[in-house]
Amino acid sequence: MNLDIQSFMEYLHEVKKTSKNTEDSYERDLKKLKEYLLGKKVSDVEEITEEHLLDYIMMLKEAGRKPSTISRNMASFKAYFDYLKKQGMVEWNVAAGLKAPKVEKKLPEILTAEETERLLEQPNGSTPKELRDKAMLELLYATGIRVTELITLKISDVNLKMEYIICTDAHKERIIPFGNMAKRAIDEYIDNGRPKLVADEKSELLFTNCSGGAMSRQGFWKLVKHYGSKAGIRTDITPYTLRHSFAAHLVSNGADLKSVQEMLGHSDISTTQIYTQMNQLGIREVYTKAHPRG
């Protein structure tokens, strides 16, 4: 099965243009399935049956795997066997009939406007690192972009005069506006912070680590947690907290869902609709507290 998995990964990357996170998840799920099947003396994809997959899923359930993990495994199997069928390697998709368990959708954690303000005020010094951190946090909250998009931004992706950035993901290019506070922080960083961090004048990265190299996702996560703790925020804050807060605050202040979807880069508007639900819950809370018969 190894060669088949490898060709499937190439297909996802080159044809479907999937994200690296998706590819990593699918490959990990399929390799674990392969180990399980080899233990059952099944080494050819044509020998795999729906019963094999059901037994494997039952094993995951008994091992205490979350419904979301099991659902992702099923999605991996369905995509893989659909690929094999299209390639003529199997007659049918044996995973097509698998039914994923119901996954309880939890509303994402967001910051209040006051907590957001406290967080963004934390990097308030004039060192290159603090100027960088201030600019990164302001831009993240101003645009709601993903961590990977933030740490890979190039100087050429930022139009300070017109106050927008250009983000390019696997599917399309997005133009996202930002406001005056983010502009001011980026201006200050580019003028007085970045030249002292970036040794290589040819570097196109907007934000770098303290050695002038590319910043890692883990590095930025630590940065956000540090300032969250410093601001006295008790929520387990992550970069996604700011992304969710960006979207929720826009919706609660009247932004239309389609525009928020475009800025976030969601391919399906149903993903964005969770912020409408959050807004409705907020309205209900206000009603309950304020109405005489609430």
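Can you say whether Pro108 is surrounded by 11 or more Cβ atoms within 10 Å (Cβ to Cβ) and either in contact with a Cys (Cβ under 6 Å, 6 or more places away or on another chain) or within 30 Å of Glu188 (Cα to Cα) (or both), as far as the supplied structure shows?
When the stated conditions are applied, Pro108 does not pass them.
Given the criterion under 30 Å from Thr168 (Cβ atoms), open to solvent by 50 Å² or more (accessible area, probe 1.4 Å) and either in contact with a Leu (Cβ under 6 Å, 6 or more places away or on another chain) or at pLDDT 90 or above (or both), identify the matching residue among Asp29, Asp24.
Exactly one of Asp29, Asp24 is under 30 Å from Thr168 (Cβ atoms), open to solvent by 50 Å² or more (accessible area, probe 1.4 Å) and either in contact with a Leu (Cβ under 6 Å, 6 or more places away or on another chain) or at pLDDT 90 or above (or both), namely Asp24.
In the range 166-203, which residues are among the charged types (D, E, K, R) and within 23 Å of the chain's Cα centre (by Cα)?
Asp169, Lys172, Glu173, Arg174
With respect to the numbered conditions (1) among the hydroxyl-bearing types (Ser, Thr, Tyr); (2) out of contact with any helix residue (DSSP H, G or I) (no Cβ under 9 Å at 6 or more places or on another chain); (3) more than 30 Å from Thr276 (Cβ to Cβ), which one is the sole condition not fulfilled by Tyr80?
(2)
In this structure, is Gly265 open to solvent by less than 70 Å² (accessible area, probe 1.4 Å), in contact with a helix residue (DSSP H, G or I) (Cβ under 7 Å, 6 or more places away or on another chain) and at positive phi?
no
All but one of (1) at pLDDT 95 or above; (2) open to solvent by 30 Å² or more (accessible area, probe 1.4 Å); (3) not aliphatic (A, V, I, L, M) hold for Tyr189; which doesn't?
The single condition Tyr189 does not satisfy is (2).
Starting from the range 73-85, keep only residues that are open to solvent by 20 Å² or more (accessible area, probe 1.4 Å), then list their pairs with residues that are at pLDDT below 95 and polar (S, T, N, Q) whose Cβ atoms are within a distance under 6 Å, requiring at least 6 positions of separation or different chains.
Close Cβ pairs satisfying both conditions: Asp82/Asn93; Lys85/Asn93.
When you look at Lys134, is it on the phi < 0 side of the Ramachandran plot, open to solvent by 50 Å² or more (accessible area, probe 1.4 Å), in a helix (DSSP H, G or I) and touching a Gly at 6+ places or on another chain (Cβ under 9 Å), yes or no?
So Lys134 fits the description; yes.
Rundown of residues vs (1) without any contact (Cβ under 8 Å) to a residue 40 or more places away in the chain; (2) within 19 Å of Asp187 (Cβ to Cβ), yes/no style:
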{"position": "Leu119", "(1), (2)": "no, no"}
{"position": "Arg132", "(1), (2)": "no, yes"}
{"position": "Leu153", "(1), (2)": "no, yes"}
{"position": "Met162", "(1), (2)": "yes, yes"}
{"position": "Cys167", "(1), (2)": "no, no"}
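Name every residue in the range 226-260 that is under 14 Å from Thr143 (Cβ atoms) and open to solvent by less than 40 Å² (accessible area, probe 1.4 Å), in order of residue number.
Pro239, Leu242, Arg243, Ser245, Phe246, Ala247, His249, Ala255, Val260
Does Leu107 meet the test of being under 30 Å from Asp4 (Cβ atoms), out of contact with any strand residue (DSSP E or B) (no Cβ under 9 Å at 6 or more places or on another chain) and at pLDDT below 90?
Answer is no for this residue.
Pairs needed: first member in the range 229-244, under 21 Å from Gln273 (Cα atoms); second member anywhere, part of a helix (DSSP H, G or I) and hydrophobic (A, V, I, L, M, F, W, C); C-beta distance under 6 Å; at least 6 residues apart or different chains.
Taking only residues 6 or more apart or on different chains, the pairs are Pro239/Val147; Pro239/Val224; Leu242/Leu140.
Within the bounds of the range 37-56, is there any residue that is among the small types (Gly, Ala, Ser), out of contact with any His (no Cβ under 8 Å at 6 or more places or on another chain) and either loosely packed, with under 13 Cβ neighbours inside 10 Å or more than 27 Å from Tyr275 (Cα to Cα) (or both)?
Yes, the conditions are met somewhere in the range 37-56.
The values are calculated or read from the model by the stated rules, or taken from the named source; none is laboratory data. If you're wondering where the values come from, they're calculated on a predicted model, not measured in any experiment. Here the Cβ is made from the backbone with ideal geometry for all residues, glycine too, and neighbour counts use every protein chain on show. The protein model used for the area step is the full one, side chains on, heavy atoms only, and it has no ligands, DNA or RNA in it. Shrake-Rupley method; radii C 1.70, N 1.55, O 1.52, S 1.80 Å.
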